[in-house]
Amino acid sequence: MLDYFFSQYKGYPIHEVYLELIGVFFGLWSVWCAKKDNIWVFPTGLISTSIYAYLLWQWSLLGDSMINVYYFIMSIYGWYHWTRKKGDVDEFPVSVMTNKEKVMAVVIFVLTLIFVIIVYLYFNKFASWYSYVDTFLTAIFFVGMWLMAKRKIENWIFWIVGDLLSIPLYFTKGYTFTCFQYIIFTIIAVYGYLEWKKILNSSQNLELRQL
């Protein structure tokens, strides 16, 4: 059983094995912090995304590599966005998407899809089904990260869909640790949505009592 899951690591550079494990650790820590609506989602995410941006480029998953570069940038923005306050109150608490943000999400999805397709064509990387799935995943995760940085509850829906699609992708590619990470990501994302829903309902009830 162990040989079935981990045999691909026999020819794997040892420093990349360690990097993958470190990236998995900080990635899981980051998602757990996101579930708890904790600001540490961003510093832990910066470590994980910088590692994976490098590893995924090495693995020829260009779309996912670009996702992590984007995550890194958005983590800096999100860190700033989440810390903004009006007095002792968060200026941007957990909330739902506005109609304008829904349109923006569609625009980000489509533009990301077009951009990644161009990159794959430029590097002649459309060699297998992995590339097509990776292209689609990039667009999903770009929207998800943008919504998380803006503290929108719908971000969890994008994470759940993207994480589920990532599980077979990484398993088939032979990156077992990362595959297991996405299984755990999916579970945390479901609970994250439920926990943010409670936070949102609580804040809405508080606003109603103050009227």
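The values are calculated or read from the model by the stated rules, or taken from the named source; none is laboratory data. Because the structure is predicted, anything quoted here is derived from the model rather than measured. Neighbour counts run over all protein chains shown; Cβ positions are idealised from the backbone, glycine included.
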Which of the residues belonging to segment 159-181 are within 10 Å of the chain's Cα centre (by Cα) and crowded, with 23+ Cβ neighbours inside 10 Å? Trp159, Gly162, Asp163
Tell me whether segment 112-123 contains one or more residues that are modelled with pLDDT under 90 and on the phi > 0 side of the Ramachandran plot. no
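Considering only residues that are in a helix (DSSP H, G or I) and either in contact with a strand residue (DSSP E or B) (Cβ under 6 Å, 6 or more places away or on another chain) or not hydrophobic (A, V, I, L, M, F, W, C) (or both), which ones fall in segment 104-134?
Answer for segment 104-134, where residues must be in a helix (DSSP H, G or I) and either in contact with a strand residue (DSSP E or B) (Cβ under 6 Å, 6 or more places away or on another chain) or not hydrophobic (A, V, I, L, M, F, W, C) (or both): Thr112, Tyr120, Tyr122, Tyr130, Ser131, Tyr132, Asp134.
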Pick out the one residue from Gly144, Gly78 that is surrounded by 17 or more Cβ atoms within 10 Å (Cβ to Cβ), under 27 Å from Ser202 (Cα atoms), touching a Gly at 6+ places or on another chain (Cβ under 8 Å) and not charged (D, E, K, R). Gly144
If I ask for residues that are farther than 18 Å from Leu55 by Cα and either among the aliphatic types (A, V, I, L, M) or modelled with pLDDT under 90 (or both), which ones from segment 9-37 would you list? Val31, Ala34
Here is a list: Trp196, Trp156. Which entry is of a type outside the set (Val, Ile, Thr), buried (at least 17 other Cβ atoms within 10 Å of the Cβ), over 15 Å from the mean Cα position of the chain (by Cα) and part of a helix (DSSP H, G or I)? Trp196
With (1) among the charged types (D, E, K, R); (2) touching a strand residue (DSSP E or B) at 6+ places or on another chain (Cβ under 9 Å); (3) surrounded by fewer than 16 Cβ atoms within 10 Å (Cβ to Cβ) as the list, and Lys85 as the residue in question, which single condition is left unmet? (2)
Close pairs (6 angstrom Cβ cut-off, 6 or more residues apart or separate chains): part of a helix (DSSP H, G or I) in segment 23-36, charged (D, E, K, R) anywhere: Lys35/Glu195
I'd like to know if segment 144-153 contains one or more residues that are at pLDDT 95 or above, assigned to a loop (DSSP other than H, G, I, E, B), more than 13 Å from the chain's Cα centre (by Cα) and among the β-branched types (Val, Ile, Thr). yes
Does Val119 qualify as being hydrophobic (A, V, I, L, M, F, W, C), surrounded by fewer than 19 Cβ atoms within 10 Å (Cβ to Cβ), in contact with a Lys or Arg (Cβ under 9 Å, 6 or more places away or on another chain) and closer than 26 Å to Ser48 by Cα? yes
Mind checking which residues of segment 52-73 are of a type outside the set (Ser, Thr, Tyr), in a helix (DSSP H, G or I) and surrounded by fewer than 21 Cβ atoms within 10 Å (Cβ to Cβ)? Ala53, Leu55, Trp57, Gln58, Leu62, Val69, Phe72, Ile73
